[in-house]
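The values are calculated or read from the model by the stated rules, or taken from the named source; none is laboratory data. All figures in this text were calculated on a predicted structure; none of them were measured in a lab. For the accessible areas, the whole protein counts, side chains as well, though only heavy atoms, and no ligand, DNA or RNA atoms are used. Shrake-Rupley method; radii C 1.70, N 1.55, O 1.52, S 1.80 Å.
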Amino acid sequence: MSEIGRKIYKYREEKAISVQELALKVRCGTKTIEEYEKGTLIPNVQTLMKLSTALDVPATELADAQYHKTI
């Protein structure tokens, strides 16, 4: 699991949001959310922003060092 994946999973669980619910909010498939959480897929900056909005956390909190320059 990647750092971003761990954080997505952590905040999703803390807020009691299902994978399906998060996928609807972000407008992607459930498989995509699962892949983000496993770390097999890394969200682009636009998707990271959607995830942060859906999870109600700052994008910088979700992002690891590779994103901090672009957010």
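Principal-axis analysis of the Cα atoms of the chain puts helix 3-14 at an angle of about 40° to the longest axis. Per residue, how much accessible area does the chain have with a 1.4 Å probe, in Å²? Here the per-residue accessible area is 61 Å². Under 5 Å from the amide H of residue 2 lie the amide H atoms of 39, each residue being 5 or more positions distant or on a separate chain, with H modelled from the backbone and absent for Pro and chain starts. Share of carbon and sulfur in the accessible area of the chain stands at 50%, probe radius 1.4 Å.
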